[in-house]
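Scroll down for the structure; my scribbles are underneath it.
Taken together, the values in this text are just the output of simple stated rules run on the coordinates, not laboratory data. Keep in mind that this is a model prediction, so the values were computed, not measured. Cβ atoms come from the backbone with ideal geometry, glycine included; neighbour counts cover every protein chain shown.
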Amino acid sequence: MPGRLPLIGLPGRRVRAAQVDGFPETLGRCDLDLYFADYARGVIEAGGIPVHLPMDVDPAAACEHLDGLLLPGGTDIDPRLYRAQPDPELLVPEPERDELELGLLAAAIPVELPVLGICRGIQMVNVHQGGTLAQHVPEHSHFDRPTDTLVHPVRFAEGSALHGLYGCSVEVNSLHHQTLDELGHDLTATAWADDGCIEGVEMGDWVVAVQWHPEMMTTRATDPLFGWLVERASRSSQEPGE
């Protein structure tokens, strides 16, 4: 259908209902798939339609029907996926989620399906491409502040997609305790914090991933990252035969 709104796949995490207040005890063992709604709001405000991707979906089949993919934040990736031993400070991994998101990237990247990674999302992109993570960088973890608190500037490489979206630099929040270490193959680092940690990577013109949380900032509705994803995905949704 020419001109239809692009469909943006959005995976989340799986928990038991007993982990969420307000559910009857009899439902405690039922599964819930969830993500923070601000990711979906960012997609909607940019003109796209978010499509929930449950843990049980076949990632390759899902990507055949999507115009773009958003990998959101969340818990730590299993360090065995990047050939490392768990740090004592590591959060409990979620192997089902790791498997789903790796499968989504395996299906999306070869066909140049637009991908936006946020926080855990940039880490998953890096791990998928053979990179590694620094497992505990506590000075980047500011969960004791409101989520929209501007913590530090990020500078961008001239000529990068992120530079085109934000200019030379932007002030961002900081809600992570892991960072990229060894960069994965075919990725280009295009954004850095003052301490030299990588805050943004790109691949071609179809993958952009950042370490901060634009969906949790007061500028979400006008943040250019969501606009980039939806605009890039719109090209797929309007191709002949769609």
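The table below gives the values:
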read-out	value
Computed helical MRE - 222 nm, the chain, DSSP H runs ≥ 4 contributing -39500 (n - 2.57), nearest 500	-7000 deg cm²/dmol
Order of Cys197, Cys63 - criterion: other Cβ atoms within 10 Å of each residue's Cβ, fewest first	Cys197, Cys63
Among beta bridges that DSSP assigns inside the chain, antiparallel share in %, nearest 5	60
Sorted by Cβ density within 10 Å, fewest first, the residues Ile44, Ile109, Ile118	Ile44, Ile109, Ile118
For the chain, built as a Gaussian network whose Cα springs stay under 10 Å, the top-fluctuating residue of Asp195, Asp87, Asp21	Asp21
Residue (of Val137, His152, His213) at the positive-pole extreme of segment 107-242, dipole from beta-carbon charges	His213
Part-to-part distance (alpha-carbon centres) for segment 6-48 and segment 71-134, which is given in Å	19
